[in-house]
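Input: a single structure, listed below in structure tokens.
Bear in mind these aren't lab numbers, they're just calculated from the coordinates by the rules spelled out. The structure presented is a predicted model; accordingly, all values stated were derived computationally and were not measured. In this analysis, Cβ positions are derived from the backbone assuming ideal geometry, glycine residues included, and neighbour counts consider all displayed protein chains.
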Amino acid sequence: MQGKAFLGLLVRARLLLMLLLCLTCALGWQNFQLATTPKTLLRQDQTLRTADDPSYLRPIDQWKQQGFFPNSGMQGRLATVRPPGYGLWYGLHLALFPKSEQALLSLRISQALLQGLGLFLLLLWAMDSQPKWRVVLAVPLLILPFLYGFSAYTLSEGISPFLLGLGLFFLRKHRQKAEAGQQPTAGWFFGLLAAFAFGYLWLVRPALLPLVLAFVPVCIRRWKQGLLLLALALLPLSSWLLRNHLLFGLGLNLHPIYQNELPGQYREPHAAAWRLFKGWEHLGWRFHETMDGTYRAAMAAEPDTGIVGRCLRQTPEFVHSSLGTKALRRAYAQYVRAVQAQRPFALSGRLMPSELLQAEAQSVALFDSLASNFRRQQPLRYYLITPAKVAGELLMHSNLNAYYFQHTGRGKWGVELLRILSVFVHAMAWILLGYWLWRGGPQRWLFAGICLYLCYLIFVQRGIEERYTFPLLAPVLLYGWYKIPWSRFWSKTG
């Protein structure tokens, strides 16, 4: 008995040390990222700025100033662009601390701690029924910085990895209790916690809805219980979509960035331009480099010929050959006219008509016609080459998004060695995803959901950013890490 008690104490000590390692690495890499980033890129020296920040934070800032959440007019429509999950998290810190700098400090520290805790929960989830002493095998992975890359941002990736880790951990606990056939109350409790975690995850990042497949094993074993838990998990996002439909007549759009009533850059002509560009462009920043500059120039009333000339120069030569320079010039010129037509609304901050302006409708028609022609003339590029480039961008990068790794330390041997190692580990995680899916087990459906999500990014959305896969990297990597038959390396019979 004393030997068993000692072993139990040793296991608990190892688990505690791994938890401390996760928390320490999360805080350490976050502080490193902030300390090595120019102050001009920070918000009040606490968090990193991004172009998406306003859509996440503006509604909550207005709620604090006005005392109510915007539900009508221009501000009400702008508040529908993002679901409120991350905004509520940000609002919690605003409610606790009167000064915005204090709120941001609290937010980014808590995000680091949650990312560390989320990794620890994923460790326990990935190990499943394996001996707990094996938890220490993940130490080489947990010290790498690419698992902690977004805790200093005011973006959904600040908390979505934790919510996913929490949901998977509780879903596994629910499955274990259900399979044991004992303690039904405990099984229900863990199932409800898993539903809450996934429900809030989808309210933070609805694009991760394909992970709904993680509930399939629960539904297969006990379909009534599984469907109830799944319905509870989908309730927050469903309520948000229903609210937007009742107030504004919006459809079931998870990210309604394009609304006819909203003036600005993100309108239907912009969406049509992206439908054209995604035929050949796998890097979203290149599209934005062209169209963002075009919009700003048109709003500034620069000469049309200069704007269109820049667009043509930034369009690849093979696109000119396929579609014709004359047709491209006409489409770009019409886009400029479309921006100029809605310029009075954008400058005055007024809502626009529910129907597109005539110049905008003509711009959409021209871009969609060119996109259709491109698909017909370049099917190999559209359906195979460009998706392959997107897949390569997803697989073959380091995920080291800190300013130091991308700029200051670029070219230094230590940084480049870390980059090579990170690219290798990152690529192997996704390449082995299909293997874990094929091997089966209780996590097969989760990995099927991840594959479905990746297929959406590769074949439909394209122009991806590395942060889109960040919440999924740790579960895929850690699960694969613990499935490696480590005992064969030291077993005499291995």
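Please give the Cα centre distance for region 113-160 versus region 59-84, rounded to the nearest Å. Answer, in whole Å: 33.
Within a 10 angstrom radius of the beta carbon, how do Trp445, Trp125 rank from fewest other beta carbons to most? All intermediate terms of the calculation are to be shown ahead of the outcome.
Numbers: Trp445 21, Trp125 24.
The most exposed by this proxy come first: Trp445, Trp125.
Going by a ≥ b ≥ c, the root eigenvalues of the Cα gyration tensor, does region 328-444 fall in the rounded group (a/c under 1.5), the prolate group (a/b larger than b/c) or the oblate group? Because a/c hits 1.5 or more and a/b exceeds b/c, region 328-444 counts as prolate.
Pairwise Cα separations in region 2-141 fall into 10 Å bins from 0 onward with the following percentages, short to long: 10, 29, 25, 19, 11, 4, 1. Distance from the Cα centroid of region 271-285 to that of region 200-245 is 31 Å (rounded to whole angstrom).
Shape verdict for region 59-100, please, from the Cα gyration tensor: rounded (a/c under 1.5), prolate (a/b greater than b/c) or oblate. Cα axes put region 59-100 in the oblate bin. Net length available on complete extension from Gln130 to Tyr383 is 86.8 nm, with 0.36 nm assigned per residue and the Cα-Cα distance removed.
Once the Cα atoms are used to define both axes, helix 85-96 deviates from the longest principal axis of the chain by about 80 degrees. Across the options Val319, Met352, Ala298, the greatest Cα extent toward the positive end of the charge dipole of region 268-382 (unit charges at beta carbon of Lys, Arg, Asp, Glu) belongs to Val319.
Rounded to the nearest 20, the size of the Cβ-charge dipole of region 390-486 about its Cα centre is 140 debye, with Lys and Arg at +1 and Asp and Glu at -1.
Give me Cys25, Cys451 ranked fewest to most by other Cβ atoms within 10 Å of their Cβ, as a rough exposure proxy. Let's see the in-between values first.
Numbers: Cys25 20, Cys451 16.
So the ranking, lowest neighbour count to highest, is Cys451, Cys25.
Our summary gives region 281-424 a relative contact order of 21 percent, counting only alpha carbon pairs under 8 angstrom and 6 or more residues apart.
Which length gain, in nm to one decimal place, applies between His245 and Phe424 when the Cα-Cα distance is subtracted from 0.36 nm times their residue separation? Numbers along the way, then the final one.
Numbers: separation 179, 0.36 × 179 = 64.44 nm, distance 4.50 nm.
Length gained, His245 through Phe424: 59.9 nm.
The Cα center of region 328-364 and the Cα center of region 389-457 differ in position by 40 Å. Take every Cα pair under 8 Å whose residues are at least 6 apart in sequence, average their separation, divide by the length of region 2-245, and the relative contact order is 21 percent. If the cut-off is 27 Å between C-alpha atoms, which lysines fall inside it for Lys132, apart from same-chain ones fewer than 8 positions away? Filter leaves Lys4, Lys173, Lys177, Lys483, Lys492.
In plain terms, the chain from Arg296 to Leu17 could stretch by 95.2 nm, reckoned as 0.36 nm per residue minus the Cα-Cα distance.
Amide hydrogen proximity for Arg43: with H placed 1.01 Å from N in the peptide plane, the residues at 5 or more positions away or on another chain lying under 5 Å are Leu48, Arg49. Between the listed residues Tyr456, Thr80, Leu107, the Cα displaced farthest toward the positive end of the dipole of the chain, a dipole computed from Cβ unit charges relative to the Cα centre, is found at Tyr456. Sorted ascending by nearby beta carbons within 10 Å, beginning with the fewest, Glu261, Glu281 become Glu261, Glu281.
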